[in-house]
Amino acid sequence: MIPKIRTGTDRAFPLIDYLFGPGKHEEHTHQHLVASWNGFAPDPGPNPERHQVAKLANQLDQPVKALGKQAPATRIWHCSVRTAPGDRHLDDAEWATIARRIVQATGIAPEGDTAACRWVAVRHAPDHIHIAATLVRQDGRLAGLSFDRRKAQAEARLIEKEYGLRQLNPGDGTAAKNPTSQEHFKAERTGRIETPRETLREAVRQAVAGAATEEEFVTRLREAGLRVKLRHAPSGDTLGYNVALPGDRNARGEPIWFPGSKLAPDLSLPKIRRRLDAAPATGAPAPDDHTARAGRSAPAHCRRDAAGVVERAAAVLDQDDDEAAAHLVGAGEILDALAQTSPAATRAELREAARAFERATRSHVRAENADIRALRSAARGIVHAGSALGRGEDGGATAMVLSTFVLVTLAAARWHSARGHAQQAAASRQAADHLRSAYQQAAATPMRTMREIGRVLPKGERLRHDTTIRTVLGSTGNPKGPVPEHDALAAVLAEAEKAGHDPKALLEKAADRRELETARNTTDVLVWRIRRLADLPAHPEHPHVRTAAGARARTAPAQARPAQPTPPQPPAGPHRPAPRR
């Protein structure tokens with residue numbers, strides 16, 4: 001159940017006229033009162049005449065009019081209360097009880113207070129009601145509405161439980177502001193898939209990811225195609241910023257500006273500056289000589305580095321320390337960097353993961369001394385390296401960092417749950433689901449290659465690595481032969497051994513992590529962790545393994561191969577026909 005509160009400076013008539021009218025899209029049906037401050041306020045009914053609406057509005061406005069010029073500027077309190085999709089439809093009596101509970105909880109009409117504010121509850125749809133109240137009490141005093149939004153939410157959680165409705169997670173006031181209904185209607189009207197507020201929020205987050213200076217942050221905003229307006233003090237110091245989407249204008253043709261703080265609590269300029277205080281060194285990190293000799297691309301190199309940094313963040317989260325709050329912010333920057341540079345195959349899932357995890361980065365926990373420079377440097381490296389191709393080394397490195405990031409989101413869910421942060425914990429789990437989907441797409445080819453390598457290893461070598469796996473992991477495989485589930489892990493151990501590593505020691509090191517217990521596929525996590533620890537190429541290669549397409553191309557008979565293109569022929573002369581092809 002979602003209560004949404006707004007206040008206004010108008011008198012009651014415009015709001016009552018809207019509630020009993022047809023709606024902006026003819027969506028209002030069977031409009032009627034379900035409850036009121038005295039139980040017998042006049043009900044205009046469906047599609048009423050103007051004088052019927054005015055009669056009810058005038059009764060609501062009487063305490064306001066009695067104050068004359070002393071009436072407050074803010075006079076109207078409006079609360080819509082909506083059930084969640086899939087909830088049963090409540091009847092009028094149930095909605096009437098809910099309305100009385102909401103006005104009592106928020107201070108509009110405390111129980112037994114006969115001089116409280118006047119209010120009405122209007123129902124014009126099966127799944128919600130609107131409560132309209134005037135903010136001057138009948139005794140002439142102003143309503144006491146301290147923390148009314150928080151109190152309405154708390155009461156809604158109790159109502160959900162008592163009425164058997166879907167139970168939403170309680171908030172803590174750190175969530176980003178949702179788009180208004182007007183913004184949604186405008187987006188539909190203009191053909192946008194989302195509101196400008198949501199588009200701008202994502203763009204600003206991506207501009208912050210790994211930015212080293214305030215100037216770089218502003219430059220990135222402009223490079224993303226946003227309109228940017230800086231607010232300056234008389235001294236010339238920058239106080240804040242506003243952003244707008246090109247073409248998004250109001251009725252007067254003016255750009256619709258959003259200050260950063262209205263996009264999300266952590267996107268105000270002062271809070272962005274706190275992140276920039278932990279800025280990485282300027283300049284995009286370049287692959288070192290070893291990486292260049294190994295033939296690794298810059299995007300792949302930066303993703304490999306990010307995997308190690310993210311894994312250390314997961315370890316911090318598992319320590320259950322308040323310093324983890326800052327590491328969540330840094331991890332969120334890496335995810336934003338991945339989302340804006342990811343290949344097409346994973347871009348949609350990574351954008352959804354970043355949007356969900358954004359909620360998990362905000363809470364009331366403050367970490368004053370946490371060092372997140374490594375996380376911000378990793379994000380900066382990914383952004384400056386540019387878009388990955390999504391195949392070969394890039395694809396393997398993307399799979400490597402995503403496999404690790406799933407563990408971070410699960411650790412974040414545990415950390416938030418331990419502190420009662422229900423919304424953040426749910427957002428972390430939602431991000432994990434999107435990351436798993438993106439991982440499956442990125443890892444499909446390299447994991448298939450590693451499984452093929454494992455299957456064609458010499459029998460004695462394969463059995464030796466399989467024994468190591470069962471010993472370290474406590475697996476109960478068939479001692480007479482290799483376990484198919486270990487194909488990829490055996491392949492990476494064989495590769496690491498050829499590179500001079502001790503397979504057993506390497507596997508023990510990779511498996512000695514608490515967060516591994518939460519992985520759905522332990523083998524996949526170990527494969528990528530070993531590849532990173534042993535500094536193996538993210539995309540495996542093996543001279544004895546041929547892909548199905550390559551094998552078919554090499555073994556197909558000559559006559560079955562596609563015909564070679566016919567070389568260009570000289571143009572036909574006037575007495576010579578063109579050659580037949």
(request) Tell me which residues, restricted to region 144-181, are in contact with a Ser or Thr (Cβ under 7 Å, 6 or more places away or on another chain) and either among the small types (Gly, Ala, Ser) or under 15 Å from Pro3 (Cβ atoms) (or both). (result) Leu145, Asp148, Lys151, Ala152, Leu165
(request) Would you be able to tell me the number of residues in region 34-57 that are closer than 19 Å to Thr106 by Cβ and open to solvent by 20 Å² or more (accessible area, probe 1.4 Å)? (result) 3
(request) State all residues of region 1-31 that are at pLDDT 90 or above, touching a helix residue (DSSP H, G or I) at 6+ places or on another chain (Cβ under 6 Å) and assigned to a loop (DSSP other than H, G, I, E, B); if no residue qualifies, say none. (result) Gln31
(request) Among the residues of region 130-154, write down those that are of a type outside the set (A, V, I, L, M, F, W, C), out of contact with any Lys or Arg (no Cβ under 6 Å at 6 or more places or on another chain) and more than 22 Å from Ala360 (Cα to Cα). (result) His130, Arg137, Gln138, Asp139, Gly140, Arg141, Gly144, Ser146, Asp148, Lys151
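Condition test on Ala154, is it open to solvent by 20 Å² or more (accessible area, probe 1.4 Å) and under 13 Å from Trp77 (Cα atoms)? Write out each step before concluding.
Working: open to solvent by 20 Å² or more (accessible area, probe 1.4 Å): yes; under 13 Å from Trp77 (Cα atoms): no.
It is false that Ala154 is open to solvent by 20 Å² or more (accessible area, probe 1.4 Å) and under 13 Å from Trp77 (Cα atoms).
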(message) Checking the conditions here, which among Val34, Val53 is of a type in the set (Val, Ile, Thr), closer than 18 Å to Trp119 by Cβ and either without any contact (Cβ under 8 Å) to a residue 60 or more places away in the chain or in a helix (DSSP H, G or I) (or both)?
(response) Val53
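Which one of these is under 19 Å from Gln62 (Cα atoms), more than 28 Å from the chain's Cα centre (by Cα) and in contact (Cβ under 8 Å) with a residue 40 or more places away in the chain: Ala125, Ala121? Even if it seems obvious, please write down each step before you answer.
Working: Ala125 fails: under 19 Å from Gln62 (Cα atoms).
Being under 19 Å from Gln62 (Cα atoms), more than 28 Å from the chain's Cα centre (by Cα) and in contact (Cβ under 8 Å) with a residue 40 or more places away in the chain holds for just one of Ala125, Ala121, which is Ala121.
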(request) Go through Ala294, Ala298, Ala315, Ala278 for me and flag whichever is buried (at least 20 other Cβ atoms within 10 Å of the Cβ) and either small (Gly, Ala, Ser) or at pLDDT 95 or above (or both). (result) Ala298
(request) State yes or no: is His184 without any contact (Cβ under 8 Å) to a residue 40 or more places away in the chain, surrounded by 14 or more Cβ atoms within 10 Å (Cβ to Cβ), in contact with a Ser or Thr (Cβ under 7 Å, 6 or more places away or on another chain) and not aliphatic (A, V, I, L, M)? (result) yes
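Within the group Lys69, Lys24, which residue is more than 16 Å from Ile131 (Cβ to Cβ), open to solvent by 70 Å² or more (accessible area, probe 1.4 Å) and without any contact (Cβ under 8 Å) to a residue 12 or more places away in the chain? Before the answer, list the steps.
On the way: Lys24 fails: without any contact (Cβ under 8 Å) to a residue 12 or more places away in the chain.
Checking each option against the conditions leaves just Lys69.
The values are calculated or read from the model by the stated rules, or taken from the named source; none is laboratory data. Worth saying up front: this structure is predicted, and the values here are computed from it rather than measured. Here the Cβ is made from the backbone with ideal geometry for all residues, glycine too, and neighbour counts use every protein chain on show. SASA here: full protein model, heavy atoms, side chains in, ligands and nucleic acids out. Shrake-Rupley method; radii C 1.70, N 1.55, O 1.52, S 1.80 Å.
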